[in-house]
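Here's the structure, in C-alpha cells; my notes come after.
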Amino acid sequence: MENDKDLQVRSAQPDYNRLYTVEEYHTWSEDFRAELYDGELVVMEQPTRKHQGISRNLILQLGNFLKGKPCKLYHAPFGVRLTMKEESIFEPDIVVVCDESILTERGCTGAPDMIIEILSPSTARRDKVTKFNKYKKAGVKEYWIVDQEYSMVEVNILSNNEYITRPYTDEDIVPVTILKGCEINLAEVFDDN
C-alpha cells in the first residue's frame with residue numbers, strides 16, 4: 001500500500017519546498033529517478049541517446065576487463081549512499097565496487113572504488129562541484145567526469161585526501177588506476193556506432 005508521501009513524490013509536481021529522508025527515498029518506486037542532496041530532491045532527466053551510447057561503451061570495456069575478477073560493475077539506477085550521516089543518495093552513471101561488504105539490495109552504503117558521471121546540461125554543475133567534493137570527502141578513489149559535448153574525460157585520482165586531476169581526449173587510452181592493467185580506449189567510448 002502506498003503512503004501519501006510516496007504518492008506526492010512520484011506525482012508530476014514533487015514538493016521541492018521540503019527535505020526528504022533516505023528512508024523516504026527507499027519507499028519510492030524504482031521507476032522514479034531522483035537523487036537526494038542533503039535531503040533536497042533532484043529529479044533526474046531521461047538520458048539522451050548519446051549519453052546512453054557513451055555509458056554502454058564504457059560498460060563494455062570495463063565489464064570485459066572485470067570478467068572473473070572480484071570487483072563489480074554497476075550502472076544507473078544504482079543508489080550510492082556515501083555515509084550514514086548524510087541524507088544523500090546519488091545515482092552515478094557507472095560504479096565499480098571492490099568491497100562487497102558495502103553492497104545493499106538497491107546500491108551501496110560507503111564509498112565505491114570508482115564512479116563515472118557523464119555530464120549533461122542539467123547535471124554538469126552538480127557533477128563537477130557538489131558530487132566532486134562529496135566523492136572526494138567520502139574517499140572515492142577514482143572519479144571520472146565524462147564531457148560528451150567535447151569528447152573529453154577528466155580523471156580524478158584520490159591522493160592524500162585530494163583529487164589529482166588529469167584531462168584526456170578522445171585520442172587517448174586511459175589507465176584505470178584502481179584496476180591494474182585496465183585501459184579504456186576513449187576513441188571507442190565516444191564512437192556512436
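The values are calculated or read from the model by the stated rules, or taken from the named source; none is laboratory data. The model shown is predicted, which means the values in this text are computed figures rather than measured ones. We place every Cβ from the backbone using ideal geometry, glycine too, and count neighbours over all the protein chains shown.
Quick rundown of the values:
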| item | result |
| --- | --- |
| Output for the stretch 103-122, where each listed residue is among the charged types (D, E, K, R) and at pLDDT 95 or above | 113, 117 |
| Qualifying residue in the stretch 16-23 (condition: outside the structural domain of residue 138 (by TED's automatic domain parsing), under 18 Å from the mean Cα position of the chain (by Cα) and modelled with pLDDT of 90 or more) | yes |
| Within the stretch 117-189, strands (runs of 3 or more DSSP E) holding 1 or more residues that are farther than 24 Å from residue 46 by Cα, of a type in the set (Val, Ile, Thr) and in contact with a helix residue (DSSP H, G or I) (Cβ under 8 Å, 6 or more places away or on another chain) | 162-169, 173-175, 183-185 |
| Residue tally, condition in contact with a helix residue (DSSP H, G or I) (Cβ under 7 Å, 6 or more places away or on another chain) and modelled with pLDDT of 95 or more, over the stretch 74-86 | 3 |
| The stretch 24-33, subset touching a residue at least 24 places away in the same chain (Cβ under 8 Å) and surrounded by fewer than 18 Cβ atoms within 10 Å (Cβ to Cβ), residue nearest to the chain's Cα centre (by Cα) | 33 |
| Count - residues of the stretch 45-59 that are touching an Asp or Glu at 6+ places or on another chain (Cβ under 7 Å) and buried (at least 16 other Cβ atoms within 10 Å of the Cβ) | 3 |
| Filtered residues of the stretch 59-84 (kept if closer than 25 Å to residue 45 by Cα and among the charged types (D, E, K, R)) | 81 |
| Close pairs (7 angstrom Cβ cut-off, 6 or more residues apart or separate chains): surrounded by fewer than 17 Cβ atoms within 10 Å (Cβ to Cβ) in the stretch 121-143, at pLDDT below 95 and in a loop (DSSP other than H, G, I, E, B) anywhere | 122/45 |
| Hits in the stretch 79-96 - residues which are over 17 Å from residue 133 (Cβ atoms) and within 13 Å of the chain's Cα centre (by Cα) | 79, 91, 93, 94, 95, 96 |
